[in-house]
Structures are given as C-alpha cells and as structure tokens.
Amino acid sequence: MIEIIPSRFDTSASLSFRTALRQRGVRLWPVFFDRLSRISIGVALCVLISGCATPRSAKEFAEPVSLVSRVGKERSCEATGPFAPAGSIRLEQHVLVSDSEGNIPKNRHDGSFSKAFRTIMAGYVEEFNRRKRLGNAMGKDSPPPRLLFYFNGGLNFQADVEAQAERQIPCMMADGYYPVFFVWDTGHIPSYWEQIWNVYDGQVRHEPWVKLRAPFLFGTHVISGFSGAPVDYLVEGRRFWRAVRGIPPCSMTVRNTPDYCPEEQRVRFVDQQGGADPNESTVYAAPSADLSEPEIGSLLGYSALFPVRLFSAPLAHGLGDATWENYLRRTRTTIRRTVEFDLDRYAPGRIHDGLNPDEFRKVNDSFTKGTGVFARFFETLLQYYKGKRRLCSEWFCDESRTLSPDRGDSGSSAEHKSDDDAIVSALANARITLIGHSMGAIVINELVERFPDLPYGDIVVMASAASLRDTRRVITHYFENPFTPVPKMRGKPRDTRFYSLMLHPLNDAGESTGAGLIPSGSLLMWIDEMYEVPKTPEDKTFGYWPTAKAGRRMFGHAAQVRTLYRVFNRAEAASGEESNPVRHGDFNNDDMCFWRPAFWGVNGTGWESLYSDLPPEALQACRKKE
C-alpha cells in the first residue's frame, strides 16, 4: 500500500519564491491561532462547561482491551453465553471514525482507508471462523455472526462514543453480532467553534480572512438569538403547557386516545392483533404507556428557573443554530466530502492534506456515490459481497485493473488473494443490521439510498432526527424495488424489517436539560422549533411520535407491512424492570441493549422467528440497573 504524503504547498517549477513564502505563511498563521484559540477558549469551555473527554491515542486504539479488567467497570449489559468474546477485543476492529471533512483521522488506522477496511473485515472473518469452531465443538452448525453497524447521533464526542463501544461490543458479540461503530464527532462546543472559526460555504477553510469573521459571527448569533427570543418563549411555553395538562391533546397520547380524536389517530397495537403479521404498519406500546406519577416538584422547579431561561434560551437558539449547521455538515461529509466540490483545491494557498491530483481522480472515479469514509466502506463492502473484491483506487491496480504487486500494501499478492477469498466467503450469507440514533438515522437514509443491494436484515432508527419526508422517500423506494445484487436473490422481495423507536411524546416535549437552566424539550423538539423549522409538517423529524403517527400510512404498502413502530412508556423504569428510555440520550445506555430485537418490540409478533439464529438472550429485554 502506498500512502500519499500530504503536500504542504505546490513545488512546481513555475511557483515563485515569494508565492512559496506566502503559502508557508498562510499555513503557519492558522496553526498559531488555532493553538491559541484552543488554549484560551476551546479547552476552557470544554473543561468548565461540557467536561469533554480526550480521545484515545493511536496506540491505545490499536492495542487489545482486556475484558477481565473491564468486568464491573461502567458496563451495565451482560456479556455471557457461548458467543461472548474471551480475553480481549481491539477497538480498531470495531470502530470506523470520520473526521470533520469525511476522512479517516491520522491517529485511527494510520489515516488509511485500506487498512481500516482490512482490519475491520479481518476481525469479522476471525469471528466468523470462531463461530464455526464453536459449532463443530458442540456438534451442530453455528450461524454466522450478523454484522451490526451502529451510527451515533448528535451531542456526542468521539471519545464518548469510543468508550461506549468498548463497553458494549462484548455484549453485542455475546448476542450474536459482529459490531462496527461508525463514529463522527458531534460535540457541541467544538462544533460551534469550528463553524465560526474555520467553516465557510460548507467547507473547512484555513485562510486568515475566514478566521477574522469569528467575532462578528459570534455577535450576529447572539443578536439573532435575542431578537427571536419572544417567539421562542411563546413556542416553548405552549409546548410546556400541553405537556403538563391533566388531559393531553390527541397528539401527545399513545394508548389513551380521547374519543374526539380523528380516526387516523386510532392505532391497533401488537397486543391487540394476537401477534399476527400486520397488514399495515403496526405499533408496539405497553397498555400502561401513558401512565406516570405527577411531578409537582419538577414542575415548580422548572417554573422557578424561568428568569434564567430568559437569557439562556436566546443563546441556545442563536449559538445552537450555528452548531446544528456544523452537525449537519459533519454528518453529511461522512458520505460525500466537500473537497469533491472544491474547484480551487489545488490553487496556491489552499491546503488539503493528502491530496494528489492523480490519486484524487482515481478515488472519485471509483467512489461515484461519495468519497466520505462511510460511503467508501459501504461501496467496498458491496464489491466484496458481489465477489468482485478490491477496488483499484484503494489497492492500486495496473492498467489492466489487476493488483500491481510492486504497488500493493504490505504482504504478497497470494496473501491478499487469500484474505480477499476469506472476506468474500464470510459475506456470502451475511445479514446486516443498521442501527442509527438521532442524526445517525440521517446517515442511514443516505447509505440505504446509495447502496440498496447490501443484505440488510434490519434497519433500526431510534429517535430519528431525519425528516418524515426523507425517510418515507428512502424506505418506500427501498422496499418497492426488488433485491438485485447476486443471482440467487435477483428479483426477489426484500426480507428486511424496518423499526422506528420513539420516546413517549410527553417525554420529548418535557425533557429537562441542564437542571432546567436551558429550554425544555429533546433535541428533536429543538430541531423542529428552532434549527430546522419545517416548511410543511412532512419536514418534521420522523422520530417524534405525533409526526410518525400521522405519516405512517404515507409509506408505500411494501414498506408498511415490514415496519414496526415502538413507543416507550412515559414513566421511567424502576430498578430491575424492563429498561425504558425517557430522555433522548437514554437509547445509548448500556442497560437498554438497543441491539436486541426484544428492544425493538418483536416479542409477541410473528417476526420472532426471523431471529432464531440469535441466542435466546437477544429476545429477552434488558433490565434497568441501579
């Protein structure tokens, strides 16, 4: 494998000495102020306000993590059973990181996509073979592990998601999966700082004039937040009142729907259908979903802090709006990098690490659906699933498009062919489970739309921040078009199930953050009310039950009969009871076991048999820990 050495400035013969010095100055100027800003503002805010963690070093990322030393430390899920990993795991085999521009960071897999893909798939092949050996030892066939691809949501630092992966990977493997965490940093303060300091026209820029905008942008955001404050106070006040009323409106109920509500508000639930496969989209919710104890103390405390929110609400809107813009930019660059649109990327003074015109063109030619690291992974995985193996832009082929031994990565061609054959064999009967939380659902929509021919078994979105419009379009089109990638499946209907998991709407509406010092409501409420005000109701976030409830019949019939909605209880579970998320971020908690079909609501339906290859524990709900 040949690694491309980043070019700091053009060294062509036509470049003058003055231009070279000017470029070098452009490079050093941002470096100096970047370091100064991180020390004076970034670090101080992170430590004092958000407590952000430091990502693991490259060495720690690649080294095995002993499971023995992790027992009883922070983990709430249980990694037991024959499939539970023994000894240690390596994060580099289970985590794929995208930086702010859609590349692999230099401290993850050495910044090499080919190394990242091979490391992750080598881990899958190892687990595939381990399962076969376990089956032989037990005298029966052992099903291959299901590939589980998890996509984090907003308000997550890279270090926190990697720590989550370290805790949950053993539990997922014990439940019959081979997990891969697709990670991108959505920490709030670093995202806002990058947005005003480096981002212009949707791209990360390093020119001095871009950085000079920062104080003016900050002032503009503050002024904008306060100018729109009266509207925010009214919107939040109305939502808060609807959430605390003794008789909530139709849109805020799940099971106890008032008689005066329209017909489309009435839902037949799984337990009312005797577990039969639904002939239309069905909802799983406990009969007690709407029950909860009065929270008089919380109500009074939140009301008493209204004077504080007179000042915090404008900041949450003004600064948060810019932060959300960068969240979206970072989320979308995992699929398509902005450098693909930069026609001036080779101009003097422009800096793009690792760009070489010839290699950049090859990558663009091979990855027409996106050169972001997540899109490249899915494109390469699809090639192996089809049996076509490596992509020439990554492993450097000769003119006949066969591997060139003198340009290949470390190892002989025979070794590479053996590795390729093992990956192809392991993927032959693979099943992929996609799970996305919040903004992770936006990434899933992008990937399913671009790569519909991978063998998805389950598509699971939790508190989806994607719009109803985008979700309906992607999922309907996916199910209405037959499976096509390999001859044995060509033309057959898709055997995929789509799950949408949501909080109780009153919990979305009344979620308290920062001890009531900032406006109430989950991230989905903030998106719909402040950051992405919908042009029509179909533009609202799909992970909010009133939106999904009204829109579930807008999906095509093929999608409706393969969709299950789950709405969780309003009341928080007591210790020892079945886990139940009541806040937007709860879905990621260890004791939720969000990867288990039991969490998705399949128990009591005709779909339980679809998961007979998983251990029995996967169809058991996790219990809330102390």
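The values are calculated or read from the model by the stated rules, or taken from the named source; none is laboratory data. From a predicted model like this one, the values you see are computed outputs, not experimental measurements. No Cβ is skipped: glycine too gets one built from the backbone with ideal geometry, and neighbour counts run over all protein chains shown. SASA here: full protein model, heavy atoms, side chains in, ligands and nucleic acids out. Shrake-Rupley method; radii C 1.70, N 1.55, O 1.52, S 1.80 Å.
Observations
- Gap separating the Cα centres of region 495-565 and region 104-126, nearest whole Å: 35 Å
- The Rg/Rh ratio of region 497-626, with both radii computed over alpha carbons and Rh defined as the Kirkwood radius, is 1.00.
- Cys261 accessible area, assembled protein chains, probe 1.4 Å, Å²: 10 Å²
- Measuring between their Cα centroids, region 185-199 and region 204-224 lie 12 Å from each other.
- Those residues of region 98-119 whose amide nitrogen sits under 15 Å from the label point placed on Ala159, 7 Å along Cα→Cβ: none
- Counted residue by residue at 0.36 nm each, then reduced by the alpha carbon distance between them, the extension gain from Leu610 to Asp110 reaches 176.1 nm.
- Highest mean packing comes first when the peptides 601-608, 539-546 are listed by Cβ atoms within 10 Å, giving 539-546, 601-608.
- By a 1.4 Å probe calculation restricted to protein chains, Ser288 has an accessible surface near 50 Å², given to the nearest 10.
- Dividing the mean sequence gap of close Cα pairs (under 8 Å, 6+ apart) by how many residues region 458-590 holds gives a relative contact order of 34 percent.
- Heavy-atom accessible surface of region 446-543: percent carbon and sulfur, 1.4 Å: 56 percent
- Length released on extending from Asp141 to Lys59, taking residue separation times 0.36 nm less the Cα-Cα span: 25.8 nm
- Heavy-atom accessible area, probed at 1.4 angstrom with all protein chains present, ranks Thr368, Thr119 as Thr368, Thr119, highest first.
- Proximal lysines relative to Lys417, as straight alpha-carbon distance under 25 Å, when same-chain residues fewer than 8 apart are discounted: Lys115, Lys132, Lys362, Lys386, Lys388, Lys488
- Given +1 at the Cβ of Lys and Arg, -1 at the Cβ of Asp and Glu and no other charges, the dipole of region 86-168 around its Cα centre is 500 debye to the nearest 20.
- Each of Trp600, Trp193 has its accessible area taken with a 1.4 Å probe; listed largest first, they run Trp193, Trp600.
- Applying 1/(1 + (r/R0)^6) with R0 = 35 Å to the Cβ-Cβ distance of Phe311 and Tyr346 gives a FRET efficiency near 0.15.
- Where the alpha-carbon atoms of region 83-231 are placed on the principal axes, they occupy 70, 37, 23 Å, in descending order.
- Accessible surface ranking that places the most exposed of Ser112, Ser298 first, with a 1.4 angstrom probe: Ser298, Ser112
- Neighbourhood charge, 12 Å Cβ-Cβ cut-off, centred on Pro519 and excluding it, Lys, Arg +1 and Asp, Glu -1: -2
- Solvent-accessible area of Thr220 with every protein chain in place, 1.4 Å probe, in Å² to the nearest 10: 80 Å²
- With the charge dipole of region 121-243 set up from +1 on Lys and Arg Cβ and -1 on Asp and Glu Cβ about the Cα centre, the Cα lying farthest toward the positive end among the listed residues Pro170, Val210, Ser191 is that of Pro170.
- When its C-alpha radius of gyration is set against 2.2 N^0.38 Å (N residues), region 411-469 gives a value of 1.54.
- Per-residue packing, averaged as other Cβ atoms within 10 Å, sorts the ranges 441-454, 174-187, 120-133 into the order 174-187, 441-454, 120-133, beginning with the highest.
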